[in-house]
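So the structure is just underneath, and the comments pick up after that.
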Amino acid sequence: MNCTMMINRFATTQRIDRFREVLVRIFQEARATDASSSQMHQTFLVKKLRYRAFAVAISSAAKHSSVREINDRKGYLAFKHRVWRFELQLRALWPDLYARLMAVMRSADEAKWKRLSAKSRKVYPEVEYIEYDVEEMKEPCFIEPHVDNKSAVTLVAMLSPPNAYVGGRSCFRRAQGSRGHRELALEQGDVVLFRGEKLTHWITPVTEGKRVILQIEMSRV
């Protein structure tokens, strides 16, 4: 199925155009917070995208009938969640949003890490919709400390409102010293960017409700 057919099956052109107008404002009004470290690979950036339309657009692409659940996490990694990969669907249904997300990742990288700028460094985006659903799983949902293999830059965007779940804080290795770590309580529309292959990160257990995120990894070929 080509891109035009996918778009026509999902929604009218007028509806997509209305969403695009809102999504342009999302990125124009985004504010960034820099959690810096003397070691650049320990740095992460947080952008504030306070619009429900962002979550709606992402969810609509992830729930398209052509999207399939995937299960290719490493066998040694302890986690409890479900994952759907939908790079093609997001690019087809919401091309402006897709392009802006890619631009946000490249802009953050250029400002902090410069891992994507070299022509010799080929990467491709792995776009995932991840659910930590306690009711469905019948137990707390989480993922243990890990790095994203071969991900030069990782983006995580919160799609759920704060009252949709309990727990599920985003954690990152300490910036310096030998003890402690950093935690973020992401709100709906918040986006955090970091060196996925270098910065150890994890999610504390979601004990109630459902926590949903968008995750994009710029993976090395």
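Here, each number is a calculation from the coordinates, and none is a lab measurement. Keep in mind it's a predicted model, so treat the numbers as computed, not measured. No Cβ is skipped: glycine too gets one built from the backbone with ideal geometry, and neighbour counts run over all protein chains shown.
Quote to one decimal, in nm, the extra length available between LYS74 and CYS171 on full extension: 0.36 nm per residue of separation minus the C-alpha distance between them. Before the final figure, lay out the partial values.
Details: separation 97, 0.36 × 97 = 34.92 nm, distance 1.98 nm.
Here the segment from LYS74 to CYS171 would lengthen by 32.9 nm.
Can you give me the Kirkwood hydrodynamic radius for the range 42-186, using every pair of distinct Cα atoms, in Å to one decimal?
Details: mean 1/r = 0.0582 Å⁻¹.
One decimal place: 17.2 Å for the Kirkwood radius.
Compare the peptides 201-213, 168-180, 149-161, 126-138 by average per-residue count of other Cβ atoms within 10 angstrom and give them in order, highest first.
Values: 201-213: 19.5, 168-180: 13.8, 149-161: 21.2, 126-138: 17.8.
The peptides rank, most packed first, as 149-161, 201-213, 126-138, 168-180.
Between ALA111 and GLU135, what is the FRET efficiency for a Förster distance of 30 Å, r being their Cβ-Cβ separation, to the nearest 0.05? Show your work: numbers first, answer last.
On the way: r = 40 Å, r/R0 = 1.33.
The calculated FRET efficiency here is 0.15.
Using the beta-carbon distance between ARG220 and GLU183 and R0 = 30 Å, what value does 1/(1 + (r/R0)^6) give for FRET efficiency, to the nearest 0.05? Before the final figure, lay out each step's value.
Working: r = 28 Å, r/R0 = 0.94.
The calculated FRET efficiency here is 0.60.
With the Cα gyration tensor of the range 161-221 giving a ≥ b ≥ c as the square roots of its eigenvalues, does the rule (a/c under 1.5 for rounded; else a/b larger than b/c for prolate; else oblate) give rounded, prolate or oblate?
Values: a/c = 2.28, a/b = 1.27, b/c = 1.79.
Taking the square roots of the gyration eigenvalues as a ≥ b ≥ c, the range 161-221 is oblate.
Can you tell me how much longer the chain between SER65 and THR200 gets when fully stretched, taken as 0.36 nm per residue apart minus their C-alpha distance, in nm with one decimal? Can you show the working numbers first?
Details: separation 135, 0.36 × 135 = 48.60 nm, distance 3.38 nm.
Length gained between SER65 and THR200: 45.2 nm.
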